[in-house]
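Peer 1: Would you mind keeping the following structure in view while I ask a few things?
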Amino acid sequence: MKRITLLFLAASFSTVALAVPETYIIDGTHTLPRFSYSHFGYSNQLSRFDKTTGKIVLDRQAKTGSVDVTVDATSVDTGYPLFNEHIQGEDFLDTAKYPTVTFISNKLKFDGETLVAVDGTLTLKGISKPVTLTVTSFQCMPHPILKKDACGANATTVVKRTEFNMGKYAPHVGDDVTITIPVEAAKE
């Protein structure tokens, strides 16, 4: 009887041990945030940022966690070097004064076992606003190349650039900017 009780207690402690938060470091080679907007109604233009760092802390059992992401705004890639400089200028990102964009959250929303949204604060050009990222896919599993656990997701939101002091040419160049973040992170 004592042996069964000890085995039950050991199993209980090992379940509790699994419920600790896990830290995942963002993989900058697979985390390239994109943004798109209407260009005079002719087309939707798509650009991205090439340098992203940060970490995600996740407790899947408790359905809690945090997200801390920093995007190097000087890494903007429009596909055209002259336009990269234009986007980095004072009228838009103003990277001379604000070289980074951040997203910080400690509120993850789950539907059952699935992460569906992340509420946080987006800081862009020195202005901080609440933003909800809608998670369109989410998966954690052993990474076949890194040989450790990893998580990945795709998240999206829409912000108004005029709310971040980047309203030049609005409304002709769309005020609504769709931000899409494909993210991959490996367990620390």
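Peer 1: Quick one: length gained pulling residue 145 to residue 45 fully straight, 0.36 nm per residue minus the C-alpha distance?
Peer 2: Extra length from residue 145 to residue 45 when fully extended: 32.6 nm.
Peer 1: How much net charge surrounds residue 139 when only the other residues with a Cβ under 13 Å from the Cβ of residue 139 are counted, with Lys and Arg +1 and Asp and Glu -1?
Peer 2: -2
Peer 1: Treating only the Cβ atoms of Lys and Arg (+1) and Asp and Glu (-1) as charged, compute the dipole magnitude of the chain about its Cα centre; round to the nearest 20 debye.
Peer 2: In debye, rounded to 20, the chain gives about 680.
Peer 1: Suppose only helical runs count, i.e. DSSP H with n ≥ 4. What mean residue ellipticity at 222 nm does that imply for the chain under -39500 (n - 2.57) per run, divided by all residues and rounded to the nearest 500 deg cm²/dmol?
Peer 2: It lands at -4000 deg cm²/dmol.
Peer 1: Oh, and also: Under 14 Å between alpha carbons, and skipping anything fewer than 8 positions from residue 109 in its own chain: which aspartates and glutamates qualify?
Peer 2: Qualifying aspartates and glutamates at Cα under 14 Å: 59, 119.
Peer 1: Which order do peptides 51-58, 21-28 fall in by mean Cβ count within 10 Å, highest first?
Peer 2: With the highest mean Cβ count within 10 Å placed first, the list reads 51-58, 21-28.
Peer 1: Further question: Between residue 162 and residue 116, what's the calculated FRET efficiency when r is the beta-carbon distance and R0 is 22 Å? Round to 0.05.
Peer 2: E(calc), rounded to 0.05, equals 0.20.
Peer 1: Residue 51: which lysines have alpha carbons under 18 Å from its alpha carbon, excluding same-chain residues fewer than 8 sequence positions away?
Peer 2: Answer for residue 51, where 18 Å is the Cα cut-off: 97, 125, listed by chain and number.
Peer 1: Students often forget the sequence filter, so: which lysines lie under 21 Å Cα-Cα from residue 147 once same-chain residues fewer than 8 apart are removed?
Peer 2: Partners within reach: 55, 187.
Peer 1: Return one number: the angle in degrees, 0 to 90 and rounded to the nearest 10, between the long axis of the Cα atoms of helix 2-18 and the longest principal axis of the Cα atoms of the chain.
Peer 2: 10 degrees
Peer 1: While we're on this one: Considering only the other residues whose Cβ falls under 15 Å of the Cβ of residue 152, what net charge follows from Lys and Arg at +1 and Asp and Glu at -1?
Peer 2: 0
Peer 1: Provide the gained length on full extension for the span residue 96 to residue 82, in nm with one decimal, where the gain is 0.36 nm per separating residue minus the Cα-Cα distance.
Peer 2: Extra length from residue 96 to residue 82 when fully extended: 3.4 nm.
Peer 1: Quick one: what Rg and Dmax do you get for segment 20-187 from the alpha carbons, in Å?
Peer 2: 16.4, 50
Every read-out reported here was derived from the displayed coordinates using simple, explicitly stated rules and does not represent laboratory data. Quick caveat, the model's predicted, so the values are computed rather than measured. Positions of Cβ are generated from backbone atoms using ideal geometry, with glycine treated the same way; all protein chains shown enter the neighbour counts.
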